[in-house]
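Asker: Below: one structure in structure tokens.
The values are calculated or read from the model by the stated rules, or taken from the named source; none is laboratory data. Here the structure is a predicted model, which is why all the values come from computation and not from measurement. Counting neighbours? That spans all protein chains shown, and the Cβs are built from the backbone with ideal geometry, glycine included.
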Amino acid sequence: MHNPTGAGANEGALGDRHCGAMPPRVRFPFLLLFTCACSTAVAPGLDSDASISVDAVAADGSVISDAPLDVPNADAPVLNFALKSDDTSEGATLAKEFTCDATPAASMVSPSLRWTHGPAGTKSYAVVFNDTSISFLHGAIYDVAGTKLTKGIERTYEPLDPSGAKQTKAYDGKFGYAGPCPTGEHIYEFVLYALDVANVPDVTKDSTTKTVETELKKHALARTKLTVKYAR
């Protein structure tokens, strides 16, 4: 049987901020937002673009809420960019039909995948299937224009569906998806990339999954993943 190898900061992290004494409280019937005019020095290791919050303070001095104040951060994950499947779920064990234990033999298929739209500027998507237990790349599909992969993608370099997509060779020497075939239990990830190019450059039909993954990372606008497991 094949066995592939191969927001908050810590307390005190904002540094010292010294403010003048707060003026005597004025009792108004409406809320007061108190902004402290003090040093904005940031301790080493803390991104100055980190998310911060402000307190809404009532006239009697009590805190009403801790309202988030969003600050742009280019490294922050894209909200609502999510990867799901109708055939499995986060943390679940893959069904045998998606593994080397599929019956009858050689009937293994890829699971369906679907995702939300990537951020502005997204021109295509790619999915890499990875065995994280041994850091082994099973394969990749890229130049995907839409937001889904149907179950059982054709095992060719350029499958008919999705049109325009391309696939790398898997551990069995064939193009396309080759599922888990571990010794013991392994953890796997379907890693989805939102890309700033319609067609991944500098890769060919002969490019390895690792080479393709390297190019994907260069053009990634966002990334998300779906984690599953399988044991034999």
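Asker: Determine if region 177-194 includes at least one residue that is over 23 Å from GLY91 (Cα atoms) and in the same structural domain as GLY91 (by TED's automatic domain parsing).
Answerer: Applying the first criterion (over 23 Å from GLY91 (Cα atoms)) to region 177-194 yields none.
Within region 177-194, not a single residue is over 23 Å from GLY91 (Cα atoms) and in the same structural domain as GLY91 (by TED's automatic domain parsing).
Asker: Condition first: in contact with a strand residue (DSSP E or B) (Cβ under 6 Å, 6 or more places away or on another chain) and part of a loop (DSSP other than H, G, I, E, B). Now tell me which residues in region 185-214 satisfy that.
Answerer: Matches in region 185-214: ASP196, ALA198, ASN199, VAL200.
Asker: Would you please name the residue that is farthest from the chain's Cα centre (by Cα), looking only at residues in region 85-101 that are more than 12 Å from TYR230 (Cβ to Cβ) and surrounded by 15 or more Cβ atoms within 10 Å (Cβ to Cβ)?
Answerer: It comes out as ASP87.
Asker: I'm trying to understand the selection: among the residues of region 152-194, which are closer than 22 Å to THR204 by Cα and in contact with a Cys (Cβ under 9 Å, 6 or more places away or on another chain)?
Answerer: TYR171, ASP172, ALA178, listed by residue number.
Asker: What pairs can you find where one residue is in region 148-161 and within 13 Å of VAL127 (Cβ to Cβ), the other is surrounded by fewer than 16 Cβ atoms within 10 Å (Cβ to Cβ) and at pLDDT 95 or above, and their Cβ atoms are less than 7 Å apart, with a gap of 6+ or different chains?
Answerer: Every condition considered, the pairs that remain are LYS148/ARG114; THR150/ASP161.
Asker: Loosely packed, with under 14 Cβ neighbours inside 10 Å and more than 20 Å from the chain's Cα centre (by Cα) - does that describe any residue in region 119-138?
Answerer: The answer is no, given that none of the residues of region 119-138 is loosely packed, with under 14 Cβ neighbours inside 10 Å and more than 20 Å from the chain's Cα centre (by Cα).
Asker: Here is a further query. Given the structure, is ASP202 surrounded by fewer than 15 Cβ atoms within 10 Å (Cβ to Cβ) and in contact with a helix residue (DSSP H, G or I) (Cβ under 7 Å, 6 or more places away or on another chain)?
Answerer: On the way: surrounded by fewer than 15 Cβ atoms within 10 Å (Cβ to Cβ): yes; in contact with a helix residue (DSSP H, G or I) (Cβ under 7 Å, 6 or more places away or on another chain): yes.
So ASP202 fits the description; yes.
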